[in-house]
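Below is one structure, written out as structure tokens; the observations come after it.
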Amino acid sequence: MNDPSIPTLADALLSWFDRTRRDLPWRQNRTPYRVWLAEIMLQQTQVQTAIPYYERFLSRFPTLADLAQADEQAVLKLWEGLGYYSRARNLLAAARQVMREDNGQLPCDFKALRALPGIGDYTAGAILSLACGQQAAAVDGNVVRVLARWSGTAWSAKSLQDRRQAADFVLTHMPAGRPGDFNEALMDLGATVCLPREPRCPACPLAGGCQAYCRNLTAALPLRDKSPDVPTERRLLLLIAAPGFWHVRQRPPRGLLAGLFTFDWLAPDQDPRAFRTWLQGQDNVLVQPLPSLTHRFSHLAWHVDALRLGLPRADLGELAAWLETDGPQPDGRWAGRQELQQLPFPAAVDQYRRQELDEPPKTASP
Ligand code: ADE
């Protein structure tokens, strides 16, 4: 039997949450659709970055039915700059599936939610607890950190088994009436107090019962895996411009940055030095080097070198033979200024487009 004079984890956490909860747009009117969208956006994006994207997305697609009718390019455009675009494509695919199979209502059922594209244990648990009022855990890296420290357990956020154990732990402590608040309180504590490097333990409502705090283990818990080095691909971007037009190409429908637009690339089987030598002999191509950049994806990095190739008119001529041709339109196409502005471009190459359009760089980065 618990000593009633000692507050439980849930009591301490919820009374702290009631005083300090962050007023975030997805916390108003917690419908399954609104919660789902927020949780997908927040998976790889900071709260402050996500807010304007969330609001723009909802004002364009206020309901799941609106989203299901959307064109993929319009959805990707609203996602532009957030990265991890498969999140947006899965969102659209799932909305269409729900319209076909579930009468347009996201199901309040774990198995049915998990069967939708892009919905894993975390998102299903968040929708069930926050929007459906069900007892379900939503364990992300922040929550693993809070609970590994509080319980003094050597969990790692990267381990599926440890996340499952942490989820069982959440369910053991979750109060019957407030599953959503309990999960969000854990998230808020992880985001604002139980910080990875310098936790603010004196401000923590759980410090009194926290094993890591009492045993001076906050730096050791949770276990940290070193992030592995990812392979780097070196690529040469060719920003081909003619008066009033830019040559663009769409990425293939599957794989990295699927469906998004970029400028051209030197084909991978072409030798960059041979290409540069060829360029020197082309009197009608104005060549300008552009800044190089490195862009890291989750499993791979691109080191991008870039050249701007100015042509007298919108005709690739012999240049076409050097270019990568994958994607739905092997020859790419010419876009005018307004279209260039409107096409969904990934953050990896957006700085080149912005420079062409004379737009300031975006501050949001995923
Ligand atoms: N991070 C992930 N989900 C969240 C939520 N619902 N509120 C605040 N931060 C979050």
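The values are calculated or read from the model by the stated rules, or taken from the named source; none is laboratory data. Source: prediction; values computed, not measured. Here Cβ is always computed from backbone atoms with ideal geometry, including for glycine, and neighbour counts include all displayed protein chains. Just the protein is used for accessible areas: all its heavy atoms, side chains included, with ligands, DNA and RNA removed. Shrake-Rupley method; radii C 1.70, N 1.55, O 1.52, S 1.80 Å.
The figures follow:
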{"quantity": "Segment residue 8-residue 63, length gained on full extension (0.36 nm per residue, minus Cα span)", "calculated": "15.9 nm"}
{"quantity": "Simple label model, 7 Å out from Cα along Cβ direction - residue 24 to residue 233, nm", "calculated": "3.3"}
{"quantity": "Residue 264 long-range amide H proximity, modeled H, under 5 Å", "calculated": "238, 240"}
{"quantity": "For segment 262-272, 3J(HN,Hα) per residue [Karplus equation, 6.51 cos²θ - 1.76 cosθ + 1.60, θ = phi - 60°, Hz, x = Gly/Pro]", "calculated": "9, 6, 8, 10, 5, 4, x, 8, 9, 7, x"}
{"quantity": "Rh (Kirkwood; distinct C-alpha pairs) - segment 232-357, Å", "calculated": "14.8"}
{"quantity": "Solvent-accessible area, 1.4 Å probe, carbon plus sulfur percent, for segment 33-167", "calculated": "47"}
{"quantity": "Convex hull projection area averaged over all views, segment 8-214, Cα basis, nm²", "calculated": "11.2"}
{"quantity": "Coordinate range along principal axes, alpha carbons of the chain, Å, largest first", "calculated": "86, 49, 33"}
{"quantity": "Spread of Cα-to-Cα distances over 5 Å intervals beginning at zero, given as percent, for segment 172-260", "calculated": "3, 9, 11, 13, 11, 7, 7, 8, 9, 9, 7, 4, 2, 0"}
{"quantity": "Acute angle (nearest 10 degrees) that the helix 32-42 long axis makes with the longest principal axis of the chain, alpha-carbon atoms", "calculated": "70"}
{"quantity": "Extension reserve of the residue 329-residue 303 stretch, reckoned as 0.36 nm per residue once the Cα distance is removed", "calculated": "6.9 nm"}
{"quantity": "Helical mean residue ellipticity (222 nm; -39500 (n - 2.57) per DSSP H run of 4+; nearest 500) of the chain", "calculated": "-11500 deg cm²/dmol"}
{"quantity": "Overall form of segment 86-145 per C-alpha gyration tensor (a/c, 1.5; a/b vs b/c)", "calculated": "oblate"}
{"quantity": "C-alpha center-to-center spacing [segment 205-269, segment 56-77] in angstrom", "calculated": "24"}
{"quantity": "Under 15 Å, Cβ to Cβ, from residue 93 - net charge with Lys/Arg +1 and Asp/Glu -1", "calculated": "+2"}
{"quantity": "Percent of beta bridges antiparallel (DSSP, the chain, rounded to nearest 5)", "calculated": "65"}
{"quantity": "Rounded tilt (10° steps) of 86-101 against the dominant C-alpha axis of the chain", "calculated": "70"}
{"quantity": "Segment 85-192, Rg to Rh (Cα coordinates; Rh as Kirkwood inverse mean 1/r)", "calculated": "1.01"}
{"quantity": "Nearest-ten-degree value, helix 179-192 long axis tilted from longest Cα axis of the chain", "calculated": "60"}
{"quantity": "Average accessible surface area per residue within segment 232-357, 1.4 Å rolling probe, Å²", "calculated": "49"}
{"quantity": "Relative contact order computed over segment 275-338 (Cα-Cα under 8 Å; 6+ residues apart), in percent", "calculated": "26"}
{"quantity": "Length added when fully stretched, residue 191-residue 337, from 0.36 nm per residue minus Cα-Cα", "calculated": "48.5 nm"}
